[in-house]
Amino acid sequence: MGKIIAIANQKGGVGKTTTAVNLAAALGLEKKKTLLVDADPQGNSSSGVGVDRRRQKVTIYQLLLGEAKPEEVIVKTEYENLDLIPSSMDLVGAEIELIEREHRESILRTALAALREKYDYILIDCPPALSIITTNALCAADTLLIPIQCEYYALEGLSQLMNTVRRVKRQYNDQLDIEGVLLTMYDGRLNLTQQVVDEVKKYFPRKVFSTTVPRTVRLSEAPSFGKPIQYYDRGGKGATAYNALAQEMIRKA
């Protein structure tokens, strides 16, 4: 049965979507059948794997509203072992439309349950906000992966995220666990980086991945070509890092 991992941090610019896209591609290259779920209205995960969400007739929006079945919204990407549930700008309105729904927090969990047998990994790229969509992702997930950038305000807002995780565990999903914390935009030459690493390890003892993701221009460029980093700069530092992250996760499992 496939493992569902939510990738979330309500702080923007931490490498959340970059991680979702490139980790999904890396798992695919490890021969793991992977589904990437773009639950962010911005749709950057969709475009990051070369899918134009504006051309998709059914998306995660129709899935959440019960207007489409899970298998109807899956898009095959051109990348090895990697499928996508694309996003839609309509997701912004879904926040309001779901308010009156019964069991609205578990809609995504119910939808993805039917897909667990088809995939080894299902990765959910969450919006950078603690919204009903993020709550749905946490209810559906087995674990939570938290990207944190090696910057001064790295831990800002994390207490709020963890409060949400505790609430979801208490009310909806008592099996939710922390998959790990991923340090992004890492530069070992800077004293600030080591300070951030030390603080993060205090906050999340034994939960920080040994793999770190460096700050590279190639990682920033790849989305504009609609390619995961493994297909844009195969031998680069970014691809090496996300490949190592995938292997670390597989070993842990």
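Summary table
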read-out: Subset of the stretch 87-102 (residues that are of a type in the set (D, E, K, R), at pLDDT 80 or above and out of contact with any helix residue (DSSP H, G or I) (no Cβ under 7 Å at 6 or more places or on another chain)); value: 97
read-out: Breaking point among (1) touching a Gly at 6+ places or on another chain (Cβ under 9 Å); (2) closer than 15 Å to residue 140 by Cα, for residue 89; value: (2)
read-out: Subset of the stretch 44-54 [within 13 Å of the chain's Cα centre (by Cα) and surrounded by 24 or more Cβ atoms within 10 Å (Cβ to Cβ)]; value: 45, 46, 48
read-out: Residue 105 of a type in the set (Asp, Glu), assigned to a helix (DSSP H, G or I), without any contact (Cβ under 8 Å) to a residue 40 or more places away in the chain and in contact with a helix residue (DSSP H, G or I) (Cβ under 9 Å, 6 or more places away or on another chain); value: no
read-out: Residue check, residue 82 under 28 Å from residue 234 (Cβ atoms), touching a Phe, Trp or Tyr at 6+ places or on another chain (Cβ under 7 Å) and of a type outside the set (Gly, Ala, Ser); value: no
read-out: Of all residues in the stretch 174-195 being over 23 Å from residue 6 (Cα atoms) and in contact (Cβ under 8 Å) with a residue 40 or more places away in the chain, the one that is surrounded by the most Cβ atoms within 10 Å (Cβ to Cβ); value: 193
read-out: In the stretch 99-132, the residues that are β-branched (Val, Ile, Thr) and surrounded by fewer than 24 Cβ atoms within 10 Å (Cβ to Cβ); value: 99, 107, 110, 132
read-out: In the stretch 150-185, the residues that are in contact with a Pro (Cβ under 6 Å, 6 or more places away or on another chain) and hydroxyl-bearing (Ser, Thr, Tyr); value: 184
read-out: Hey, residue 189 in a loop (DSSP other than H, G, I, E, B), out of contact with any Gly (no Cβ under 8 Å at 6 or more places or on another chain) and charged (D, E, K, R) or not; value: yes
read-out: From 251, 234, residue being assigned to a loop (DSSP other than H, G, I, E, B) and loosely packed, with under 14 Cβ neighbours inside 10 Å; value: 234
read-out: Among residues of the stretch 196-207, those that are surrounded by 13 or more Cβ atoms within 10 Å (Cβ to Cβ), basic (Lys, Arg) and not in a helix (DSSP H, G or I), counted; value: 1
read-out: Residue list for the stretch 27-39, filter: in contact with a Lys or Arg (Cβ under 9 Å, 6 or more places away or on another chain) and crowded, with 24+ Cβ neighbours inside 10 Å; value: 27, 35, 38
read-out: Every residue from the stretch 208-219 that is more than 17 Å from the chain's Cα centre (by Cα) and either in contact (Cβ under 8 Å) with a residue 12 or more places away in the chain or not in a helix (DSSP H, G or I) (or both); value: 210, 214, 215, 216, 218
read-out: Residue within the stretch 17-35 that is closer than 20 Å to residue 113 by Cβ, outside any helix (DSSP H, G or I) and in contact with a Pro (Cβ under 8 Å, 6 or more places away or on another chain) present; value: no
read-out: Residue that is out of contact with any helix residue (DSSP H, G or I) (no Cβ under 8 Å at 6 or more places or on another chain), crowded, with 18+ Cβ neighbours inside 10 Å and within 30 Å of residue 50 (Cβ to Cβ), where the choices are 241, 222; value: 241
read-out: Pairs where the first residue, in the stretch 234-248, is touching a residue at least 24 places away in the same chain (Cβ under 8 Å) and closer than 16 Å to residue 123 by Cβ and the second is hydroxyl-bearing (Ser, Thr, Tyr) and not in a loop (DSSP other than H, G, I, E, B), C-beta under 6 Å, 6+ apart; value: 245/211; 248/211
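The values are calculated or read from the model by the stated rules, or taken from the named source; none is laboratory data. In this text the structure is predicted, and so the values were computed from the model without any measurement. Reconstructed Cβ throughout: ideal geometry from the backbone, glycine too, with neighbour counts over all protein chains shown.
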